[in-house]
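The values are calculated or read from the model by the stated rules, or taken from the named source; none is laboratory data. Predicted model, so just to flag it, every value in this text is computed and none were measured. Cβ placement follows ideal geometry from the backbone for every residue including glycine, while neighbour counts extend to all protein chains displayed.
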Amino acid sequence: MSGTAYDWTALPHGMRAALGVPGIVMAASFIGFGALVRGLEVGLLAGVLSTPLIWALPGQVVFVNMYAEGAGLAAIGLGVTLTAVRLLPMVVLVISKVRVEGGSRLALYALSHFIAVTIWRVAEDGMDHEERPRRLPWLMGAGLALMASMIVMTCAGYVLAQVLTPLLAACLMFLTPSFFFISLFAGAKFTMDYVSIALGAVIGPVVYRFYPELDLIAAGLVGGTLAYVVTRIGRRKP
Amino acid sequence: MTDTIGLVGVILAAGWATTYVWRFVGVYIGQRMAPDSELLMWVRAVATALVSALVVRLLLVPPGMLGHTSLEARVVAMAAGVAGFYLFGRGIGAAVAVAAVSLFLVTWVFGA
């Protein structure tokens, strides 16, 4: 990663920021994931490796489930890639926020590996006060800290699987959807954002009934486009 | 040892590459979009609606252990979390805790 366009002194700041609420919430999910890996009897290694390599929980859950069933390489790949399409708009948004003129492209492609829902929310909620050259290193620090921690949490969940009561495990698993949903409200700046939340929540289940694999993409495209169009008039830039 | 190498190969091919391809495309597009452009506003709406739909799916079709709670309990707990966000000075951490504790209490009192 060459060039002086980025201010890498921001990296440890990002690490510290990530290890607050997002880290705790994510830890709960990965403990849940580790427990799932134990239950599927695919071995700890498959679960642990999927954390840094896939780094998106829905894809990881699909991976270990299909791997446990003995599905073929192509089938697993298709299942995982369908869950990963949703990362595309988040990556676009994060990249447009962190890129600087003359900055290394390699750094952008490296950063993108860390981007999933949590990092997108971390970027939306906590990065705006950082100067532009500090943003990519800041977020890279956040991603590195979270990834290292979640590898440990996957193992912890694998070990804790027999200790947790079902209700306690359910409450831990509930932290992640709660964090996703509440942070959407926290990051909402325009009427459009609230309309998007409402339309996504309504359209998703309807599509799921007929095309369970496409519900998220369809809810995003249809709900998001509708929200954008109906709030277009009268919206002013902040 | 060969098993381990085989497993790494499977994860790289069927897990990492199939996920990273979308991140790669995202970087390619993101580099070419002007910040504050209307196109980016639309992308923001799409991403927001998509994550909202993801949350609702997790409520309706709960994975793993989350299925040990009732739909009513999950919906009430999520609503309590959002309400908590506005009641407790817009703190995300406190609101998330309200959601999880609500799920615990509602399930404990009314049963799964």
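Restricting attention to the range A:92-120, and to residues there that are more than 12 Å from A:MET140 (Cα to Cα) and either polar (S, T, N, Q) or out of contact with any Leu (no Cβ under 8 Å at 6 or more places or on another chain) (or both), which single residue is surrounded by the fewest Cβ atoms within 10 Å (Cβ to Cβ)?
Top of the filtered list is A:GLU101.
One line per residue, one yes/no per condition, for (1) over 17 Å from the mean Cα position of the chain (by Cα); (2) modelled with pLDDT of 95 or more:
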site: B:GLY15; (1), (2): yes, yes
site: B:THR19; (1), (2): no, yes
site: B:VAL27; (1), (2): yes, yes
site: B:GLN31; (1), (2): yes, no
site: B:TRP42; (1), (2): yes, no
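Picking from B:LEU50, B:LEU12, which residue would you name as being facing chain A (nearest Cβ under 8 Å), without any contact (Cβ under 8 Å) to a residue 24 or more places away in the chain, assigned to a helix (DSSP H, G or I) and surrounded by fewer than 23 Cβ atoms within 10 Å (Cβ to Cβ)?
Unique residue meeting the criteria: B:LEU12.
Is it true that A:THR225 is within 28 Å of A:LEU45 (Cβ to Cβ) and either in contact with a helix residue (DSSP H, G or I) (Cβ under 9 Å, 6 or more places away or on another chain) or free of Cβ contacts under 8 Å to residues at least 24 places away in the same chain (or both)?
no
Restricting to the range A:56-106, what's the tally of residues that are under 20 Å from A:ILE217 (Cβ atoms) and in a loop (DSSP other than H, G, I, E, B)?
So the count comes out to 3.
Step by step: first the residues of the range B:86-96, then only those that are out of contact with any Ser or Thr (no Cβ under 9 Å at 6 or more places or on another chain) and part of a helix (DSSP H, G or I), then the one that is surrounded by the fewest Cβ atoms within 10 Å (Cβ to Cβ). Which residue is that?
B:TYR86
Would the range A:218-227 turn up any residue that is surrounded by fewer than 23 Cβ atoms within 10 Å (Cβ to Cβ), touching a Leu at 6+ places or on another chain (Cβ under 8 Å), more than 7 Å from every other protein chain (Cβ to nearest Cβ) and closer than 22 Å to A:VAL64 by Cβ?
No, that holds for no residue.
Can you confirm whether the range B:83-93 contains a residue that is at pLDDT below 95 and closer than 30 Å to A:ALA161 by Cα?
Looking for residues that are at pLDDT below 95 and closer than 30 Å to A:ALA161 by Cα, one finds at least one in the range B:83-93, hence yes.
When you look at A:GLY70, is it at positive phi and either under 13 Å from the mean Cα position of the chain (by Cα) or not acidic (Asp, Glu) (or both), yes or no?
Here the answer is yes, as A:GLY70 does meet what is asked.
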